[in-house]
Every structure is written in structure tokens, then in C-alpha cells.
Amino acid sequence: MKFIFPQNYRFKNKLFGIFDYSSLILNFIWDFFIFILINLFFKNLSIKIFIFILFCFPVFLFSIIGFNHESIIYIFFYLINYIKSNKLYLFSKK
């Protein structure tokens, strides 16, 4: 069986076909950072679990779903580039 892929097709390696590896690494770094901060500031286990889910679950969802199936790393790069040069262009039609 032969498969024909177009030349402009970009094949992305993913873990379990869902997680992009760069997004997965970013998630682990973010989760570890939040975990360390939570353990420094809170003693109660239920508060730790609540705060961890509150800060880590949205990032995890964005890394799975993304915006137009774009990697979360690229989205951060786009946001940083916009913040660096946030020119607002207003055009009026006459």
C-alpha cells in the first residue's frame, strides 16, 4: 500500500497522536514550577490540589486543543512578538 503525501505536508511527531512534544515539555516545566510554589506557600493538601488544578489545567487544555491546532509554543512566540511591536493600524475606507 502506497501513501502519497504532498510536498508541503508538515509531519509533526506527537505522543499518542495528541500531544506535541514541545508543548508537553512546556507543560512539565510549568507544572513543576507551580508544584514547587504551592509546596512553599501552602500546607493543606486540599488547597494544594485546588490551586494546582486551577493553574495547570487551562494550560494543559490549550496545549491539547490549541488555537487552530497550533502548538502552544508558537502561540507564545506570536504573543511575545505582538507585545514587542504592537502597532495598531487603522484603515478607513472612503
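The values are calculated or read from the model by the stated rules, or taken from the named source; none is laboratory data. All figures in this text were calculated on a predicted structure; none of them were measured in a lab. No Cβ is skipped: glycine too gets one built from the backbone with ideal geometry, and neighbour counts run over all protein chains shown. Just so you know, the surface numbers come from the protein's heavy atoms only, side chains and all, with ligands and any DNA or RNA stripped out. Shrake-Rupley method; radii C 1.70, N 1.55, O 1.52, S 1.80 Å.
Which of the residues belonging to the stretch 20-30 are crowded, with 16+ Cβ neighbours inside 10 Å, at pLDDT below 85 and over 9 Å from the mean Cα position of the chain (by Cα)?
Hit for the stretch 20-30 is Asp20, nothing else.
So Gly17 clears everything in (1) at pLDDT below 75; (2) out of contact with any Asp or Glu (no Cβ under 9 Å at 6 or more places or on another chain); (3) open to solvent by 80 Å² or more (accessible area, probe 1.4 Å) except one condition, right? Which one?
In the conditions (1) at pLDDT below 75; (2) out of contact with any Asp or Glu (no Cβ under 9 Å at 6 or more places or on another chain); (3) open to solvent by 80 Å² or more (accessible area, probe 1.4 Å), Gly17 misses (3) alone.
Condition test on Leu40, is it at pLDDT 90 or above, of a type outside the set (Asp, Glu) and out of contact with any strand residue (DSSP E or B) (no Cβ under 7 Å at 6 or more places or on another chain)?
yes
Just to be sure, is Ile64 assigned to a helix (DSSP H, G or I) and either modelled with pLDDT under 80 or surrounded by fewer than 10 Cβ atoms within 10 Å (Cβ to Cβ) (or both)?
Considered against the rule, which asks whether it is assigned to a helix (DSSP H, G or I) and either modelled with pLDDT under 80 or surrounded by fewer than 10 Cβ atoms within 10 Å (Cβ to Cβ) (or both), Ile64 comes out as yes.
If you scan the stretch 36-61, which residues turn out to be surrounded by fewer than 15 Cβ atoms within 10 Å (Cβ to Cβ) and within 26 Å of Asp20 (Cβ to Cβ)?
If the condition is that a residue be surrounded by fewer than 15 Cβ atoms within 10 Å (Cβ to Cβ) and within 26 Å of Asp20 (Cβ to Cβ), then Ile36, Leu37, Ile53, Leu54, Phe57, Pro58, Leu61 are the ones that fit.
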